[in-house]
1. Residue 341: within 18 Å of residue 396 (Cβ to Cβ) and assigned by TED's automatic domain parsing to the domain that holds residue 408, yes or no?
2. Given 386, 382, 401, 377, which one is on the phi < 0 side of the Ramachandran plot, outside any helix (DSSP H, G or I), touching a residue at least 60 places away in the same chain (Cβ under 8 Å) and out of contact with any helix residue (DSSP H, G or I) (no Cβ under 6 Å at 6 or more places or on another chain)?
3. Name the residue, out of 56, 26, that is out of contact with any strand residue (DSSP E or B) (no Cβ under 8 Å at 6 or more places or on another chain) and assigned to a helix (DSSP H, G or I).
4. Only residues that are touching a helix residue (DSSP H, G or I) at 6+ places or on another chain (Cβ under 9 Å), assigned to a helix (DSSP H, G or I) and either without any contact (Cβ under 8 Å) to a residue 24 or more places away in the chain or surrounded by 15 or more Cβ atoms within 10 Å (Cβ to Cβ) (or both): list them for the range 59-70, please.
5. Out of all the residues in the range 94-148, which are surrounded by 14 or more Cβ atoms within 10 Å (Cβ to Cβ), assigned to a loop (DSSP other than H, G, I, E, B) and at pLDDT below 95?
6. For the range 180-200, what are the residues that are within 18 Å of residue 407 (Cβ to Cβ) and either touching a strand residue (DSSP E or B) at 6+ places or on another chain (Cβ under 9 Å) or in a loop (DSSP other than H, G, I, E, B) (or both)?
7. Determine whether the range 193-203 contains at least one residue that is assigned by TED's automatic domain parsing to the domain that holds residue 400, within 23 Å of residue 155 (Cβ to Cβ) and over 17 Å from the mean Cα position of the chain (by Cα).
8. Just one of (1) in the same structural domain as residue 384 (by TED's automatic domain parsing); (2) surrounded by fewer than 19 Cβ atoms within 10 Å (Cβ to Cβ) trips up residue 46, so point out which.
């Protein structure tokens, strides 16, 4: 390899690193590439350095670094590696940002309210190098039931259940429903939120990963109708798998973040429950990751490409033709005082969904909701930052567990108070 060729490759590597700090494209055809390469740089910076170092050693043996262009390429590569180290250090600081968000949303003493579900002792956590494969082990170990039908639309109405085989038999484990992303047109229950579900299942939770109908074959609101139907199924059947139907929370990323937020803010909405209007679809909390919270771009914080996607493939009708339906599909339009507690997570380097929209949604929620609203804005994190095991993903998973532990503790405390009041009322002469 000649020195000029190596210099060109080193320059591409530097652009790759720079894209991890700030996406080179946030609209148009380059957006997906910017997201994909940015995710690798921001979540796997040290493996990226190792790969590039091996390639550099190889070309050095062939004399590519002897020419002026090759030497300049080596300088560029070294600077790029320094930038990747910076990305790694920022990922390690994610825990501090997440803790600050939880303290702001829940209070400085929030850890005292955390209650963990009953489970056999988990023992010491595995070493870091083993945790890198936690998702694969978790899927093999805890995905105990696959492809359970919850509706009539074949594989798109199937769900998987993740749980420990040795869960206590009292049927009271807290339940998490995971809603996958994929721009409402792709994705499945098999490939997202594996770190979170692996961790929570190990800690005694029951996790439910769902499929739902996708566009362009299906048209809005089929997607949210399926999510609601899955919630109703969980309420009716999850006790059979050790879960508590009275404590169900939602999570999801991207389109799944939109659907989890919308479902949480529209409990028992008959417009999204055709044929099962009487079913209970209220949930006790939601944790949307890098979600889309507004389909009408009311404050200019939305993606420039979103409207085209929605009109052509999801809605199949323009915003001008049906503004009311578009507006109702936006979580920003469904904010209510009795919203359940919500924990929003978003990265500042998100190339697909601007962080400004999550920030705006959090502020709107805080202005109206009487429940907890926690918002974590993670510097230099890309879209889908928690999709696989990484340093930042570890911190995010732990923070979500703490948030949900507070909600679970509050739920148990309230249930205990309600039971005590009922017992007093049953006593002759009681209040």
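The values are calculated or read from the model by the stated rules, or taken from the named source; none is laboratory data. From a predicted model like this one, the values you see are computed outputs, not experimental measurements. Cβ sites come from the backbone with ideal geometry, for glycine too, and all protein chains shown count toward neighbours.
1. Values: within 18 Å of residue 396 (Cβ to Cβ): yes; assigned by TED's automatic domain parsing to the domain that holds residue 408: yes.
Yes.
2. Values: 386 fails: out of contact with any helix residue (DSSP H, G or I) (no Cβ under 6 Å at 6 or more places or on another chain); 382 fails: out of contact with any helix residue (DSSP H, G or I) (no Cβ under 6 Å at 6 or more places or on another chain); 401 fails: outside any helix (DSSP H, G or I).
Exactly one residue qualifies, and that residue is 377.
3. Values: 26 fails: assigned to a helix (DSSP H, G or I).
Of the residues listed, the single one that is out of contact with any strand residue (DSSP E or B) (no Cβ under 8 Å at 6 or more places or on another chain) and assigned to a helix (DSSP H, G or I) is 56.
4. Across the range 59-70, the qualifying residues are 59, 60, 69, 70.
5. Correct list: 116, 117, 119, 132.
6. Within the range 180-200, the subset within 18 Å of residue 407 (Cβ to Cβ) is 193, 196-197, 199-200.
Of everything in the range 180-200, those that are within 18 Å of residue 407 (Cβ to Cβ) and either touching a strand residue (DSSP E or B) at 6+ places or on another chain (Cβ under 9 Å) or in a loop (DSSP other than H, G, I, E, B) (or both) turn out to be 193, 196, 197, 200.
7. So far as the range 193-203 goes, no, none of its residues is assigned by TED's automatic domain parsing to the domain that holds residue 400, within 23 Å of residue 155 (Cβ to Cβ) and over 17 Å from the mean Cα position of the chain (by Cα).
8. Single failed check for residue 46: (1).
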